Each structure stands twice: as structure tokens, then as C-alpha cells.
Amino acid sequence: MNTRTPLFFDNGRKNRKSIAVRIACGVFLVVLLIVGTTSGGQETSEYVSLATADITPVIAPSYGIISSNQIPYNGSASIKYAQDPTAPSVSPLDNYIQHLNMNVGVNSVTNSATNSEAEDSSQCKKFRPPPPPRAPMIALTFDDGPAQYTDYILDVLEAHGARATFCVLGNRIEARPDTVRRIVSIGSEVIGHSWNHANLTRFCKYTIRWQILEPSAAIAEVVGTPPPPIFRAPYGIIDDNVIYMAEYLGYSILGWTIDPADWRHRDPVHIYNHIINNVVDGSIVLLHDIRPTTAEAMRYVVPSLIEKGFQLVTASELIAYFYGELEPGKVYVGIR
């Protein structure tokens, strides 16, 4: 009978060479593991707040544009990013803003900062004084969260004393309840965006009712108070049944006037340009806090709008100013 000897027991020089190769590979892998552990200690896949008192190095939740730059908020305190050796020194949006030589309320990014800037960290928590009551208003709205980039956007809003509306999915609230509570704590608002981003026009009235009410119930359970009686339909698609159920339940429907299509154009320069070039008093801007490029763009969009004299308010505040009390079944899209 012709039986084959297992490879490990092959005789002679071949066997010894195979064993030596395996040992060398094992040693190489151990060395790689040790080097990776020591050199990559700063990196983390979880979000770390940029509004820390000691301005500790963190990884910004962006799309490969992490750098060791100093990102000043309100033109004062600096935020430091950990170095990613594979990333460019500055982001595309940083380069674009510097190219335009625009003063957008955030100083140009530099590769280093003075010790006095780094030590003056308490200024991160200072708010910009609110504009006069009659200043032009804009409502930034963020769909599909809460997500890992939501807190980064909240840092930018909080640093500039701005507010926004976050249209959240019910099935994502349980994973990030602290983020939902933080949205409310800084003066922004949370409203429903259905339970699972389903096209409401494909459902019967009973399911539409559930898709409207269930996210609001989840928000109320986390925050402690019910959200405003307004919701945004997924994809912005509605029909007579959706409007009927919204009116029956006492809810209004939130639309928008400006859509930079940040879900398609994952480019912070495009997002910045589209918003800055199109906003008017009463605009409602559609954005998505699940996109790192959107979070990156907000670093400049928010201070730029404020420098132009706009108040950044919630959608409910904007509607109350322009339209009065919310009307059940009415669709609000802002001022075009």
C-alpha cells in the first residue's frame, strides 16, 4: 500500500527547513504585534470628545484626513489631532479655505501651536454671544443618526453657541443614548425620522402610525420629555396617507430648502460651497451626521454662517418665527 507521510514528518533536510521557516514566521508576527501595540496606542475607533479641558491628542472621526494640526475654535483655543502617517498634513477643505483666504471664524490650520494657545484650553467652553433676535435664521438638520460623527458635530455647535435639529432613527437611539441627551443639553433638538428609514408610502396607515410614534417614544424615554410634534419622512417621500396620519396624530412634517447631497458628494469642499452659496434667511439645510465628510465640513460651515450674520437655530424655532405654531399635517420646507 502506498501511504503518504504527513508533511510535518517528512524526513531529512526538507523537514528541518520547513520547521525553521515556521519558527521565523512566528517570531516575525510576534515582533509585528509588539510594534503595532506600542506605536498605535493613540489610535481608537471610538469617538473622543474634542472639547476636553486639557486638549489631549485625539483621533478626529474623519475620512483619512487626520493630521497633527491645530484647529482653533472661536479663533482662540486649539484642538490637536493625533498624527496619521498615511494622511496628508492638512485636509482638502483646509487647503480650499486657505486658498480662498477667507476669514470664516476659524483660524487657518498650522502644523504647530504656541504653548500659550495649548494652555488656554478653558476658552473651548466659551460660547459666542447670541445674535440680535431679528438676525437672519438658518436651521441645520442632520438625518439618520445618532452616529459616531454626531458628537463631533455637537462639539462644533457647542463651541460656537449654535443649535441644530437632529432627525434620528428609532432603532439607533438605544446604542447612543448619551449622544441623544447631549443634543438636548446644548439647546439643539431631536425629532423622529422613522424607526428604520423605511419609505412610509409603502405602508398601511397602521404601520405609518407606528413609524411616526415609536421613535418619539424612544426619544422621550431617553431624554425625559417628548420631542416636538414634528418628524421628517425618510427620503422626504410622503403621500396622502402619510399626511393624513400625521394630521391625525398631531404631527407636522419637516422638509428642507437646501440639499448639498452630502450622501452622494462625500466631499467637504462641495458641502461647504453648496451651503454657503445658497443659504438665505429661513433656509432649512438637509445634512447627514452619519458621514465623516459632513462632520469635517461643519468645522467651517458653522463659523462661516455665523460670521455672515446668521443665527443657527433649531427647525422648530425657525418655523415658530416664520409660521407660528406647528400645524398638524402641514409640511414645512423653510423659505426659498
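The values are calculated or read from the model by the stated rules, or taken from the named source; none is laboratory data. The model shown is predicted, which means the values in this text are computed figures rather than measured ones. Note: ideal-geometry Cβ built from the backbone for every residue, glycine included; neighbour counts use all protein chains shown.
A few comments on the model shown:
- Consider the stretch 144-186 and keep the residues that are within 17 Å of residue 316 (Cα to Cα) and out of contact with any strand residue (DSSP E or B) (no Cβ under 9 Å at 6 or more places or on another chain). The one that is surrounded by the fewest Cβ atoms within 10 Å (Cβ to Cβ) is 185.
- Cross-chain or 6+ apart pairs with Cβ under 8 Å, the stretch 318-336 first and closer than 16 Å to residue 165 by Cα and in a helix (DSSP H, G or I), then modelled with pLDDT under 90 and of a type in the set (Gly, Ala, Ser): 318/334
- Filter pass, residue 277 being in a helix (DSSP H, G or I), of a type outside the set (Val, Ile, Thr) and under 20 Å from residue 335 (Cβ atoms): yes
- The one condition in (1) surrounded by fewer than 24 Cβ atoms within 10 Å (Cβ to Cβ); (2) in contact (Cβ under 8 Å) with a residue 40 or more places away in the chain; (3) within 25 Å of residue 257 (Cβ to Cβ) that residue 141 fails to fulfil: (1)
- Among the residues of the stretch 261-278, not a single one is farther than 19 Å from residue 153 by Cα and either in contact (Cβ under 8 Å) with a residue 60 or more places away in the chain or surrounded by 16 or more Cβ atoms within 10 Å (Cβ to Cβ) (or both).
- Scanning the stretch 296-313 finds one or more residues that are over 13 Å from the mean Cα position of the chain (by Cα), of a type in the set (Gly, Ala, Ser) and not in a strand (DSSP E or B).
- Being small (Gly, Ala, Ser), assigned to a loop (DSSP other than H, G, I, E, B) and either within 24 Å of residue 290 (Cα to Cα) or at pLDDT 95 or above (or both) is a property that residue 218 lacks.
- Qualifying residue in the stretch 176-186 (condition: part of a loop (DSSP other than H, G, I, E, B), in contact with a helix residue (DSSP H, G or I) (Cβ under 8 Å, 6 or more places away or on another chain) and not basic (Lys, Arg)): yes
- Residue count for the stretch 142-169, restricted to those that are out of contact with any helix residue (DSSP H, G or I) (no Cβ under 6 Å at 6 or more places or on another chain) and among the polar types (S, T, N, Q): 1.
- Top-ranked residue of the stretch 223-252 - restricted to ones that are of a type in the set (Val, Ile, Thr) and buried (at least 21 other Cβ atoms within 10 Å of the Cβ), ranked as nearest to residue 169 (Cα to Cα): 230
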